[in-house]
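Notes to accompany the following structure.
The values are calculated or read from the model by the stated rules, or taken from the named source; none is laboratory data. These numbers were taken from a predicted model, which means no experiment stands behind them. Reconstructed Cβ throughout: ideal geometry from the backbone, glycine too, with neighbour counts over all protein chains shown.
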Amino acid sequence: MLVTGIQWFAIDYEAIISQGNPSIMASHIELNPVSHLTIGAIGEPGHRIFYLQGRQSSQTISLIIEKEQASMLINSFTSLLEELAEKHVSLTKQAPEPVWRDMRLQEPVQGLFRVGNMGVGYNEDSDQVVLVAYELVEEGVEPTVISFWASRPQIEALIKHTEEVVRAGRPICGNCGAPIDADGHFCPQRNGHSH
């Protein structure tokens with residue numbers, strides 16, 4: 001099993017969330033496999049809230065993430081898929097499943113929790129990629145953990161879609177890397193002059 005930036009743990013299936021009742025918190029929730037996996041944003045640029053959302057059967061889980069976390073996932077998934085293509089050539093030669101997916105967030109979008117850390121991994125036996133999201137909690141508190149298991153074509157579609165979602169925000173200042181608001185931008189690299 002290939003693991004990249006992920007902590008593996010035993011699964012307590014009795015602690016899995018009751019289907020259709022996401023208000024009950026569990027120590028570990030598995031969506032294996034997901035039928036829908038996406039990242040989306042709600043709100044105006046500069047005030048958007050980003051969500052990671054997965055669905056298995058009738059159970060949909062939405063988690064609140066940061067824009068930077070969405071960008072980091074693009075990089076992590078891209079690196080993982082490139083590594084898989086190099087190490088597992090036989091898997092790469094398989095005909096990919098047709099990928100046209102409705103990548104929009106599915107209503108209702110209610111964040112179960114804000115994500116602190118995430119990790120990605122791969123299970124060679126099932127040829128699945130896993131995205132593991134850990135709840136942001138105070139030190140000493142056990143986080144709720146959600147695992148989203150997806151096919152490589154689903155992850156490829158997620159990468160493309162997430163790149164579009166991230167780009168749809170405010171433009172980035174070429175000098176300091178901070179976002180530029182519609183009414184200007186205070187840039188420390190230009191001695192504070194707006195542009």
For the stretch 45-76, which positions are closer than 14 Å to Asn32 by Cα and not β-branched (Val, Ile, Thr)?
Gln53, Gly54, Arg55, Gln56, Ser57, Ser58, Gln59
In this structure, is Val132 of a type in the set (A, V, I, L, M), at pLDDT 90 or above and either closer than 23 Å to His28 by Cβ or part of a loop (DSSP other than H, G, I, E, B) (or both)?
yes
Answer yes if at least one residue in the stretch 71-86 is within 20 Å of Arg104 (Cα to Cα), touching a residue at least 12 places away in the same chain (Cβ under 8 Å) and in a loop (DSSP other than H, G, I, E, B), and no otherwise.
no
For the subset of the stretch 18-59 comprising residues that are farther than 28 Å from Ser71 by Cβ and surrounded by 14 or more Cβ atoms within 10 Å (Cβ to Cβ), which member is modelled with the highest pLDDT?
Ser27
Subset tally (residues that are part of a helix (DSSP H, G or I), of a type in the set (A, V, I, L, M, F, W, C), over 10 Å from Leu37 (Cβ atoms) and in contact with a strand residue (DSSP E or B) (Cβ under 7 Å, 6 or more places away or on another chain)) for the stretch 147-180:
1
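Answer yes or no: is there a residue in the stretch 176-195 that is under 18 Å from the mean Cα position of the chain (by Cα), at pLDDT below 95 and hydroxyl-bearing (Ser, Thr, Tyr).
The initial filter retains those residues of the stretch 176-195 that are under 18 Å from the mean Cα position of the chain (by Cα), namely none.
No, the stretch 176-195 contains no residue that is under 18 Å from the mean Cα position of the chain (by Cα), at pLDDT below 95 and hydroxyl-bearing (Ser, Thr, Tyr).
Yes or no, residue by residue, for (1) closer than 15 Å to Gly116 by Cα; (2) in contact (Cβ under 8 Å) with a residue 12 or more places away in the chain; (3) not small (Gly, Ala, Ser); (4) not in a loop (DSSP other than H, G, I, E, B):
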residue: Ile29; (1), (2), (3), (4): no, yes, yes, yes
residue: Pro33; (1), (2), (3), (4): no, yes, yes, no
residue: Ile39; (1), (2), (3), (4): no, yes, yes, yes
residue: Tyr51; (1), (2), (3), (4): yes, yes, yes, yes
residue: Arg55; (1), (2), (3), (4): no, yes, yes, yes
residue: Ile61; (1), (2), (3), (4): no, yes, yes, yes
residue: Ile64; (1), (2), (3), (4): yes, yes, yes, yes
residue: Gln69; (1), (2), (3), (4): yes, yes, yes, yes
How many residues, within the stretch 130-159, are touching a helix residue (DSSP H, G or I) at 6+ places or on another chain (Cβ under 9 Å) and surrounded by fewer than 16 Cβ atoms within 10 Å (Cβ to Cβ)?
0
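Is one or more of the residues making up the stretch 137-157 without any contact (Cβ under 8 Å) to a residue 24 or more places away in the chain, within 21 Å of Ala41 (Cβ to Cβ) and either out of contact with any Asp or Glu (no Cβ under 9 Å at 6 or more places or on another chain) or of a type in the set (D, E, K, R) (or both)?
Step one: list which residues in the stretch 137-157 are without any contact (Cβ under 8 Å) to a residue 24 or more places away in the chain, which gives 137-141.
Of the ones still in play, those that are also within 21 Å of Ala41 (Cβ to Cβ) are none.
Looking for residues that are without any contact (Cβ under 8 Å) to a residue 24 or more places away in the chain, within 21 Å of Ala41 (Cβ to Cβ) and either out of contact with any Asp or Glu (no Cβ under 9 Å at 6 or more places or on another chain) or of a type in the set (D, E, K, R) (or both), one finds none in the stretch 137-157, hence no.
Is it the case that Ala95 is small (Gly, Ala, Ser), part of a loop (DSSP other than H, G, I, E, B) and either under 14 Å from the mean Cα position of the chain (by Cα) or modelled with pLDDT under 90 (or both)? Walk me through it before giving the result.
Values: small (Gly, Ala, Ser): yes; part of a loop (DSSP other than H, G, I, E, B): yes; either under 14 Å from the mean Cα position of the chain (by Cα) or modelled with pLDDT under 90 (or both): yes.
For Ala95, the condition - small (Gly, Ala, Ser), part of a loop (DSSP other than H, G, I, E, B) and either under 14 Å from the mean Cα position of the chain (by Cα) or modelled with pLDDT under 90 (or both) - is met.
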Apart from one, (1) among the polar types (S, T, N, Q); (2) crowded, with 18+ Cβ neighbours inside 10 Å; (3) outside any strand (DSSP E or B) all hold for Gln189; the odd one out is (2)
